[in-house]
Amino acid sequence: MPDVAVIGFAQAPNVRETPGTTNGVEMLVPLLAEAYQQTGLSKRDIGFWCSGSSDYVAGRAFSFIAAVDALGAFPPIHESHVEMDAAWAFYEAWLKIRMGEVDTALVYGFGKSSAGQLRRVLALQLDPYFTAPLWPDSISIAALQARCGLDAGLWSEKDLAEVAARSRADAAGNPFAQFSGSAGVAELLDTPMVADPLRRHDIAPVTDGAAVVVLAAEDRARDLVERPAVITGIEHRVDSPELGGRDLTRSPSTAAAGRAAGAEGVEVAELHAPFTHQELILRRELGLGAGVRINPSGGVLTGNPMFAAGLARIGEAAKRILAGTARRTLAHATSGPALQQNLVAVLERRD
Amino acid sequence: MTSQAKRPAAVLGTGQTHHRAKRLDVSMPGLLREAIDRAMADAEVGWADIDAVVLGKAPDLFEGVMMPELFLADALGANGKPLLRVHTAGSVGGSTALVAASLVQAGVHRRVLTVAFEKQSESNAMWGLSILPPFQMPVGAGAGGYFAPHVRSYIRRSGAPEEIGAVVAAKDRRNGALNPHAHLRQPDITVESVRASKMLWDPIRYDETCPSSDGACAMVLGDEAAGDAVPGGAAWIHATAMRTEPTTFAGRDQVSPQAGRDAAAALWRDAGITDPLSEVDAAEIYVPFSWFEPMWLENLGFAEAGEGWKLTEAGETALGGRLPVNPSGGVLSSNPIGASGMLRFAEAARQVMGRAGDHQVDGARIALGHAYGGGSQYFSMWVVGSRKPGD
């Protein structure tokens, strides 16, 4: 079984609204060109293509079909799609290389959240018979989760504001971030509640965006780039959808995926935490100590393109190895209400 | 980089629901469990044996649930396990099975549960397919209206007699009558009665179209050791293929898309098959409108271009013919869209396992499962055999 490495990453600017069509596939076109340029590959060199996106975000059935046009898929291509964050499309591409069917793959995710009202759209992920009819939106559910942790003494509002302040400060160095800032913790805590106990800074923004990641079997990767980011572990797990049936302050699926992927000893971790308190849950479940640099990109609190954000975490974690600034990094992606489903990948530089 | 890395994988068991226009007796979780429980019983496995779950279905708008795999995690027995959700339009049932197979072929898992479903009665599929996004050409005619010009073009190009579509419909519905799970079971249907049915989208008549069904299909796939342990023999995966092309562009051949031809060529090559018509014993081909049988026979390489209808006309695609096509009754007898492709793949497996009941093709050792979707642009297929590849 060949090992697999990340060899390229491109992302669209994270913005509140792009002017394109509701499916947002226009955002992909320049990213594809950039990914080819980074890797020296052309369209015909790609062995397998896989994408992650959502019909509900686009507001129509079969929205991913339009992306095939953006790829220029003729002659025909070997291609698949997951109705999930593209981090899981990345997993499918990893499988295809591991099984020896192809030796290169291009993965992309795209989402135009501005096409609808995201917090209401996401309520439709809930049990349609018992929960969705009550219309608990995604921010309200996250607020319940944050409140559980406050009541249990696991974190304070100040802890949450510290996550936000660090993320915003880090985003100042990321040209793709939707926003950044230098506000201090006291200043953030002086702002009004959006959904008690969550304030504006505790909640990821609504973002349009897209991301592309290129993979190759390790031997091939070494011919294409100087420092491929070799995937030494990748795992994912799901928890029960029953919000009242699990401890919302924990994420057993993250812990299990992290153990299986080998999360220990990483220098940098890019965590997909759309709410400040979720970063604290993830750090605990992954056993990330004080020495681990969390979300140097600013994380999704400063730009959260639905269905591309998890893949972008993998891209950000890989970028540090490709650039030679880290040797062992971790990427995490989440899906579903209150961190229901989680994926962890560990990337390494091998000399 | 070679296929030596690929590990053997097999179908250990299959299950499907009863397909009906409206399954008001079950919720979505109940529908899925009907298929899953049957597949797990057929495979003789328990929940502890399942390492991962892969779910497929067509658009979420059909049931009105965004990413339903999330709320279904409990019913799928997926809690604490990996769960993947695939969506590749109408080919999804097939590509879902292929993702599940790749988990075994990559050596990641020993046994994988895969399931596909559609509960079309939860909403209105025509509505779900008819939302008009800006800057795209509206079809406004449903799937039948979209495909009718392709059928007409096929007839003109091949010179096929006009009753061929009715021959296929009568055959598939009579086959469906042998399948206790089929939605439409019409043992008395005839070519004449099909030709007397109402014209819907010229040249496609009412009795030449698929129904709209609620239903699900599940399979348990396993590695070499698990396959070896199947009493009576597993269905071994000999080859898989997927190809995609854009919906429209100048010069696209919508009668015989290149994506389908390329996928078939790769499939036969990887399965070591040089003459599909003589080497394949049974074929479950995605035929939602009857004329797609001869069209896909040509696209898949069972017949030369323009010649597929001759196999149909001569009765070679009927049970007892040279290449029985859709012995289960096919999509024309049951069409839970997201599950329809997996049903083709599972029926192919049942044939080579000798478990196809009254629609068993005698001595079937090599079978094809085929699915397509979108505007005839997504193709997914596998070849399964009663023996391990290379044996």
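We did not get these values from a lab; they are worked out from the coordinates using the rules stated. Every value quoted in this text rests on a predicted model; they were computed, and no experiment measured them. Note: ideal-geometry Cβ built from the backbone for every residue, glycine included; neighbour counts use all protein chains shown.
Spin-label model, residue B:153 to residue A:17: label points 7 Å out along the Cα-to-beta-carbon direction sit 3.9 nm apart.
With a simple spin-label model that places each label point 7 Å from the Cα along the Cα-to-Cβ direction, the separation between residue B:277 and residue B:74 comes to 5.5 nm. Each Lys or Arg adds one and each Asp or Glu takes one away; over the other residues whose Cβ falls under 11 Å from the Cβ of residue B:323, this sums to -3. Give me the percent of Cα-Cα pairs in segment A:237-351 that sit more than 20 Å apart, rounded to a whole number. For segment A:237-351, the fraction of Cα-Cα distances above 20 Å is 35 percent.
Build a GNM of chain A with springs between Cα atoms under 10 Å apart, and of A:80, A:113, A:240 the one that fluctuates most is A:240.
As a size descriptor, the averaged projected area of the C-alpha convex hull of segment A:121-259 was calculated at 11.8 nm². Treating each Cα of chain B as one equal point scatterer and applying the Debye formula with no solvent, the log10 of I(q)/I(0) at q = 0.07, 0.13, 0.14 Å⁻¹ comes out as -0.27, -1.01, -1.19.
Put simply, when B:259-266, A:67-74, B:215-222 are sorted by average Cβ atoms within 10 angstrom per residue, most first, you get B:215-222, B:259-266, A:67-74. Of all beta bridges that DSSP places with both ends in the protein assembly as shown, some 70 percent have antiparallel geometry.
Inter-chain Cβ neighbour count for B:100-111, averaged per residue, equals 4 (cutoff 10 Å, partner chain atoms only). Peptide packing for A:249-260, B:162-173 was compared via the average number of neighbouring C-beta atoms within 10 Å per residue; ordered from the highest value, the list is B:162-173, A:249-260.
For the segment A:123-129, counting C-beta atoms of other chains within 10 Å of every residue's C-beta and taking the mean gives 6. Once the C-beta distance of residue A:293 and residue B:49 is scaled by a Förster radius of 51 Å, the resulting FRET efficiency is 0.80 to the nearest 0.05. Which translational diffusion coefficient, to the nearest whole µm²/s, is obtained for segment B:223-293 from the Stokes-Einstein equation, given a Kirkwood hydrodynamic radius over C-alpha pairs, 10 °C and 1.306 mPa s? Translational diffusion coefficient: 106 µm²/s.
Electrostatic bookkeeping for residue B:244 treats Lys and Arg as +1 and Asp and Glu as -1; over the other residues with beta carbon under 12 Å from its beta carbon, the sum is -3. If you average 1/r over all unlike Cα pairs in segment B:313-391 and invert the result, what Kirkwood radius do you get in angstrom? This gives a value of 13.3 Å. With a 10 Å cut-off around each Cβ of B:278-286, the average count of Cβ atoms from other chains is 0.
With coordinates expressed along the principal axes, the C-alpha atoms belonging to segment A:99-160 extend over 51, 31, 25 Å, beginning with the largest. Sum -39500 (n - 2.57) across every DSSP H segment of at least 4 residues in the protein assembly as shown, then divide by the residue count to get the 222 nm mean residue ellipticity, nearest 500. It lands at -9500 deg cm²/dmol. Annotation: the residues A:182, A:138, A:51, sorted from fewest to most other C-beta atoms within 10 Å of their own C-beta, follow the order A:182, A:138, A:51. Counting neighbouring beta carbons within 10 Å and listing from fewest to most, the residues A:16, A:222, A:199 come out as A:16, A:222, A:199. Normalising by residue count, the protein assembly as shown has a Cα convex hull of 138 Å³ per residue.
The per residue volume of the convex hull around the alpha-carbon atoms of segment B:240-391 is 102 Å³. Projected onto their three principal axes, the Cα atoms of segment A:52-112 cover extents of 37, 26, 14 Å, largest first. Starting from one equal scatterer on each C-alpha and no solvent at all, send me the Debye-based log10 I(q)/I(0) for chain A at q = 0.06, 0.07, 0.12, 0.15 Å⁻¹, two decimals. One equal scatterer on each Cα of chain A leads to -0.19, -0.26, -0.80, -1.29. In segment B:1-102, the convex hull through the Cα atoms has an average projected area of 7.9 nm², a quarter of its surface area. What separates the Cα centres of segment B:199-273 and segment B:326-391 is a distance of 8 Å. When peptides B:303-313, B:374-384 are ranked by their average number of other Cβ atoms within 10 Å per residue, the highest-first order is B:374-384, B:303-313. Each part gets one Cα centre, and for segment B:155-182 versus segment B:288-303 those centres are 11 Å apart. A Förster radius of 22 Å, combined with the Cβ-Cβ distance separating residue B:163 from residue B:188, puts the computed FRET efficiency at roughly 0.75. Spacing of the modelled spin labels on residue B:304 and residue B:126, each 7 Å from Cα toward Cβ, amounts to 4.3 nm. A straight chain from residue B:225 to residue B:198 at 0.36 nm per residue would run longer than the Cα-Cα distance by 4.5 nm.
Between residue A:45 and residue B:7, the C-beta separation translates, for a Förster distance of 22 Å, into a calculated FRET efficiency of about 0.25. With springs only between Cα atoms under 10 Å, which of A:152, A:169, A:210 fluctuates most in a Gaussian network model of chain A? With Cα springs under 10 Å in chain A, the top fluctuation among A:152, A:169, A:210 is at A:152. Across segment A:187-302, the mean sequence separation of Cα contacts (distance under 8 Å, 6 or more residues apart), normalised by length, yields a relative contact order of 27 percent. For chain A, modelled as a GNM whose springs connect Cα atoms under 10 angstrom apart, the maximal fluctuation among A:137, A:208, A:127 occurs at A:127.
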